[in-house]
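The values are calculated or read from the model by the stated rules, or taken from the named source; none is laboratory data. Worth saying up front: this structure is predicted, and the values here are computed from it rather than measured. Glycine gets a Cβ as well: all are built from the backbone with ideal geometry, and neighbour counts include every protein chain shown.
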Amino acid sequence: PEAITVGELAKRMGEKGADLVKELFNLDMMVTVNQTIDQDTAELLVEQFGHNITRVSEADVDIAVEEDVDPAETLKPRPPVVTIMGHVDHGKTSLLDALRGTKVTKGEAGGITQHIGSYQVKTKGGDTVTFLDTPGHAAFTEMRQRGANVTDIVVLVVAADDGIMPQTIEAINHTKAAGVPMIVAINKIDKPEANPDNVRNRLLEHEVIVEKMSGDVQDVEVSATEGTGLDELLEKIALQAELLELKARPDRDAEATVIEAQLDKGRGPVATVLVTRGTLKRGDTFVVGTESGRVRAVVNDAGKQIKEAGPSMPVEVLGLGGVPSAGDVLTVVENEARAREVAQYRQEKATEKRTALAPTSFDTMFNQAN
Ligand code: GTP
Ligand code: MG
């Protein structure tokens, strides 16, 4: 079978080579853009990115990748996706509660966020902002990393009394690695021991130079409990979003990224997804990771069933065949047969990969026995 370099495949798909390398890394394959991959892997990648595969002939299976880039004239402005990061207890959830006028923190076990909350907030100017609240616990670093993939802007929450802590630094590093712009929210300024200038100074050590220190990272002093600085924070987000000119095509079959998923006792497998383009509708058939399904219900951040969800909207999707993984891409396909075909193909690939890995563990067992 024919082999193709990652770089060439990326070009034909209209994707970034680095994105393919990242995806391959997720599939446990360490390759560079200049290395070749086999046809099967190439096909899998094409599917993962939601492109279509055309088999040219039975004998010679080739990939003719259809350009799946939405034409510029179909693109419409979409809300920014803002991920809140920061050290444990620095007030990420409280800040979101304050912005939304809710009390999510009150219902949390031990006051620690265990799952990613995703919400939309309407600003006074009438703009919509999508927020993702990431768990502050160290064990959730990986989820947070994945969160950065769908993120347009990071709001780094730093408690003014506590200052820069290990997870603050982690968050800075994730943000830099993702190449996402950051806004620093210096929280808890109502506290007598608050020292926001110390936060600004210490950020310099991590090459985060905020506006007040003549840098270009926006910073804002807030108090989640007193409600101070919230409008200013939203304004800064809106300003940053404007610079990014975020757009997506709404009138097409949806593509969405799984933020988190679990098996719900009453409702079955439930995935919280973020629509990246198109509009997800009740009744749509889809593939997500190695699962196929049909959208039984779309539930918004207020727990209400809605008919459809457009770009940047976080929603719960019901009607999955199984529980997908965070980071999986949900792709709407034309019919159930197609959905099953793609899902089965991906399952076979996953099984093949496990089988391919088996001899290694067998060898290890053998060596240990000797
Ligand atoms: P994790 O989800 O565990 O990472 O925490 P978090 O960053 O979401 O912090 P959370 O919002 O749960 O707040 C932690 C504690 O700080 C709570 O007791 C809040 O009431 C308190 N807190 C948050 N913001 C402020 C603030 O602006 N001022 C004061 N005084 N306390 C705050
Ligand atoms: Mg929290």
If the requirement is being crowded, with 18+ Cβ neighbours inside 10 Å, at pLDDT below 95, in contact with a Gly (Cβ under 8 Å, 6 or more places away or on another chain) and closer than 24 Å to HIS51 by Cα, which of these qualifies: VAL332, VAL288, VAL273? VAL332
Go through (1) modelled with pLDDT of 95 or more; (2) assigned to a loop (DSSP other than H, G, I, E, B); (3) under 21 Å from VAL150 (Cα atoms); (4) not aromatic (Phe, Trp, Tyr) for GLY283 and report which single condition fails. (3)
Qualifying residues in the stretch 226-260 (those that are in contact with a strand residue (DSSP E or B) (Cβ under 6 Å, 6 or more places away or on another chain) and among the acidic types (Asp, Glu)) - the one farthest from LEU99 (Cα to Cα): ASP253
Among the residues of the stretch 146-173, write down those that are within 15 Å of ligand 1 (Cβ to nearest atom) and either under 19 Å from GLU235 (Cα atoms) or among the charged types (D, E, K, R) (or both). VAL154, VAL155, LEU156, VAL157, VAL158, ASP161, ASP162, GLU170
Assuming LYS176 fulfils every condition listed in (1) without any contact (Cβ under 8 Å) to a residue 60 or more places away in the chain; (2) closer than 23 Å to GLU235 by Cα; (3) crowded, with 16+ Cβ neighbours inside 10 Å apart from one, which condition is it? (3)
Conditions (1) modelled with pLDDT of 90 or more; (2) under 24 Å from SER325 (Cβ atoms); (3) within 16 Å of ligand 2 (Cβ to nearest atom) -> THR113 fails only (1)
Go through the residues of the stretch 192-206 one by one and say whether even a single one is exposed (fewer than 15 other Cβ atoms within 10 Å of the Cβ) and within 16 Å of ligand 1 (Cβ to nearest atom). yes
Name the pairs whose Cβ atoms lie under 6 Å apart, with the first residue in the stretch 207-221 and at pLDDT below 95, the second among the basic types (Lys, Arg), and 6 or more positions between them or separate chains? LYS212/ARG200; MET213/ARG200
Every residue in the stretch 221-250 that is among the basic types (Lys, Arg) and either touching a Leu at 6+ places or on another chain (Cβ under 7 Å) or within 16 Å of ligand 1 (Cβ to nearest atom) (or both), please. LYS247, ARG249
Give me a count of the residues in the stretch 246-262 that are more than 20 Å from VAL333 (Cβ to Cβ) and modelled with pLDDT under 95. 3
Residue by residue through the stretch 286-304, note down the ones that are in a strand (DSSP E or B) and within 16 Å of ALA339 (Cα to Cα). PHE286, VAL287, VAL288, GLU291, SER292, GLY293, ARG294, VAL295, ARG296
So, first residue exposed (fewer than 14 other Cβ atoms within 10 Å of the Cβ) in the stretch 5-23, second residue of a type outside the set (Ser, Thr, Tyr), Cβ within less than 6 Å, six or more apart or across chains; the pairs are GLY14/GLU67; GLY14/VAL69
Suppose the filter is out of contact with any strand residue (DSSP E or B) (no Cβ under 9 Å at 6 or more places or on another chain) and either buried (at least 19 other Cβ atoms within 10 Å of the Cβ) or not in a loop (DSSP other than H, G, I, E, B) (or both); does LEU263 pass it? no
